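Asker: Structure in structure tokens, see below.
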Amino acid sequence: MKKIIPTIFTILLLFISCTKNTENTYAHGTLPTNLEAQRIADTYAIWKKKYVTSDGCPEGAKRILFDDMSHTVSEGIGYGLLASAMMKDKTTFDAFYKYYNAHLDANGLMNWKIDSTGKMVGENAATDADVDVAYALLLAHKLIEDEYYLAEAKKIIGLIKKHMVEPGTYVLKAGDAWGGSMTTNPSYFAPAYFKVFAEVMNDDSWNKVSDKCYEILFKSWNPETGLVPDWCKVDGTTPADNVSWAKYGGKAYYYDAARTPWRISKDYVWFGDVRAEKYCKTINGFTKKIGFSNITDGYNLDGTTFRTEKTSAFVGCFATATMTSNDQEFINAAYIENINTFNDSYFNDILRLLTLQMQHGMFVKYE
């Protein structure tokens, strides 16, 4: 007996050691088992030091530097609010939200681009940004526990419905002043958020917005690869109207579309939605075929690449989709690839942080 007890105790310690960082906070899906305990805190600290500034801000506010390390875009504020909410960093969260509120358009949503002095240089709101802001406020209510955040979230959700959902169709518009059935962006589709909005607002129309997102997604995707275009019409065809300025005519899986797996995979890990599972299974098949080490930053929808750089925006978002599978080796490899892909630029760095947070089980469902 004296020899058996230490052996059992040793095995128990090893088990606890291996599992203490992999407790799954999602209702569905699988976390990596090789999570590094300090990874998120370190990544968040490095990101804040480089990209967060009070220069050009109202007193008490902070903003996030864009690719040019000068301007700020509403998308970045949305991302920053999500990241800081997950870190329970109330001071930074409140500073970002103060900046958001200092740059509202006539509809009460943030103008999409602001210069280094605080002057608006890109008018009207971009839908993806305000959708992220609304969900970040819900996360802050859940994780930081301040009732103010819930009231603000409900306000913004109401404004999004009024100005960013096309009347009569449930199509998510590109912004509060443009878009709809002839111009929509699959990477803005956040069906998991919209299901939460339906619960928070007691408004079933948000479930119809979620359903419409899937309808368009599966009309626009390539069923062999899962890849979708940056922009499309409601019937899934390209080019969308009024996007002649978009790289590659908005027809390719480029830096907008790259975010789609990150958005859709949440609907599986939170709700177990079979449509999300179908989409992610196809995306996972594509990334398995090409290999994570060979991912590039631009594809035709048939999976042929026309770019050579490997970036965090593509790697990280593909990596989140792996968590919808039960292939632990694949999931773990995707986590390591996300860690090891570092591009030192605004868009790639923030998506690397957000996707790593999701892989660590931090992107929890609001309830």
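The values are calculated or read from the model by the stated rules, or taken from the named source; none is laboratory data. Quick caveat, the model's predicted, so the values are computed rather than measured. When we count neighbours, we look across all protein chains shown, and the Cβ atoms used for this are built from the backbone with ideal geometry, even at glycine.
Asker: Test ASP267 against the criterion of being charged (D, E, K, R) and buried (at least 22 other Cβ atoms within 10 Å of the Cβ), and give yes or no.
Answerer: yes
Asker: If you take the residues of the stretch 206-227 that are in a helix (DSSP H, G or I) and among the acidic types (Asp, Glu), which of them is nearest to TYR135 (Cα to Cα)?
Answerer: Filtering the stretch 206-227 for residues that are in a helix (DSSP H, G or I) and among the acidic types (Asp, Glu), the one nearest to TYR135 (Cα to Cα) comes out as ASP211.
Asker: In addition: Restricting to the stretch 14-36, count the residues that are at pLDDT 95 or above and not in a loop (DSSP other than H, G, I, E, B).
Answerer: Total meeting the criteria: 0.
Asker: State all residues of the stretch 181-205 that are touching a strand residue (DSSP E or B) at 6+ places or on another chain (Cβ under 9 Å) and either in contact (Cβ under 8 Å) with a residue 24 or more places away in the chain or in a loop (DSSP other than H, G, I, E, B) (or both); if no residue qualifies, say none.
Answerer: THR183, THR184, ASN185, PRO186, TYR188, PHE189, ALA190, SER205
Asker: So is SER84 of a type in the set (Ser, Thr, Tyr), closer than 26 Å to ALA45 by Cβ and either touching a Cys at 6+ places or on another chain (Cβ under 9 Å) or not in a helix (DSSP H, G or I) (or both) or not?
Answerer: It is false that SER84 is of a type in the set (Ser, Thr, Tyr), closer than 26 Å to ALA45 by Cβ and either touching a Cys at 6+ places or on another chain (Cβ under 9 Å) or not in a helix (DSSP H, G or I) (or both).
Asker: Quick one: what pairs do we get from the stretch 144-156, first residue closer than 16 Å to ASP89 by Cβ and free of Cβ contacts under 8 Å to residues at least 12 places away in the same chain, second acidic (Asp, Glu) and in a helix (DSSP H, G or I), C-beta under 6 Å, 6+ apart or different chains?
Answerer: none
Asker: Is there a residue in the stretch 160-183 that is buried (at least 22 other Cβ atoms within 10 Å of the Cβ), out of contact with any Ser or Thr (no Cβ under 8 Å at 6 or more places or on another chain), under 24 Å from TYR254 (Cβ atoms) and of a type outside the set (S, T, N, Q)?
Answerer: no
Asker: In this structure, is ASN107 among the polar types (S, T, N, Q), over 21 Å from ASP349 (Cα atoms) and free of Cβ contacts under 8 Å to residues at least 40 places away in the same chain?
Answerer: The answer is no for ASN107.
A quick yes/no check of all residues on (1) among the aliphatic types (A, V, I, L, M); (2) out of contact with any helix residue (DSSP H, G or I) (no Cβ under 7 Å at 6 or more places or on another chain); (3) crowded, with 22+ Cβ neighbours inside 10 Å:
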{"residue": "SER244", "(1), (2), (3)": "no, yes, no"}
{"residue": "LYS247", "(1), (2), (3)": "no, yes, no"}
{"residue": "TYR254", "(1), (2), (3)": "no, no, yes"}
{"residue": "VAL274", "(1), (2), (3)": "yes, yes, no"}
{"residue": "GLU277", "(1), (2), (3)": "no, no, no"}
{"residue": "LYS281", "(1), (2), (3)": "no, yes, no"}
{"residue": "ILE290", "(1), (2), (3)": "yes, yes, no"}
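Asker: Shifting gears a bit: Given the criteria of a type in the set (Phe, Trp, Tyr) and either out of contact with any helix residue (DSSP H, G or I) (no Cβ under 8 Å at 6 or more places or on another chain) or surrounded by fewer than 24 Cβ atoms within 10 Å (Cβ to Cβ) (or both), does TYR99 qualify?
Answerer: No.
Asker: Might you check whether a residue that is acidic (Asp, Glu), closer than 19 Å to GLY226 by Cα, in contact (Cβ under 8 Å) with a residue 12 or more places away in the chain and in a helix (DSSP H, G or I) occurs anywhere in the stretch 290-308?
Answerer: no
Asker: So the check is Cβ under 7 Å with 6+ separation or different chains; which pairs have a first residue in the stretch 210-234 that's more than 14 Å from PRO191 (Cβ to Cβ) and at pLDDT below 95 and a second one that's polar (S, T, N, Q) and not in a loop (DSSP other than H, G, I, E, B)?
Answerer: Listed by first residue and then by second, the contacts come to nothing, as the list is empty.
Asker: Also: Taking the options LYS113, LYS119, LYS90, name whichever one is over 20 Å from ALA177 (Cα atoms) and either in contact with a Leu (Cβ under 6 Å, 6 or more places away or on another chain) or among the basic types (Lys, Arg) (or both).
Answerer: LYS90
Asker: Ok, one more. Of a type in the set (Phe, Trp, Tyr) and surrounded by fewer than 22 Cβ atoms within 10 Å (Cβ to Cβ) - does that describe any residue in the stretch 308-320?
Answerer: No - not one qualifying residue is present in the stretch 308-320.
Asker: In the stretch 37-51, is there at least one residue being out of contact with any His (no Cβ under 6 Å at 6 or more places or on another chain), at pLDDT 95 or above and part of a loop (DSSP other than H, G, I, E, B)?
Answerer: Yes: one or more hits.
Asker: Residues to consider are ASP230, ASP241, ASP235, ASP267; find the one that is part of a helix (DSSP H, G or I) and acidic (Asp, Glu).
Answerer: The unique qualifying residue is ASP267.
Asker: Would a scan of the stretch 310-318 turn up a residue that is in a loop (DSSP other than H, G, I, E, B), farther than 17 Å from ALA190 by Cα and in contact (Cβ under 8 Å) with a residue 24 or more places away in the chain?
Answerer: Yes.
Asker: For the stretch 168-180, which residues satisfy the criterion of being out of contact with any strand residue (DSSP E or B) (no Cβ under 7 Å at 6 or more places or on another chain) and in a strand (DSSP E or B)?
Answerer: Within the stretch 168-180, just GLY180 meets the criteria.
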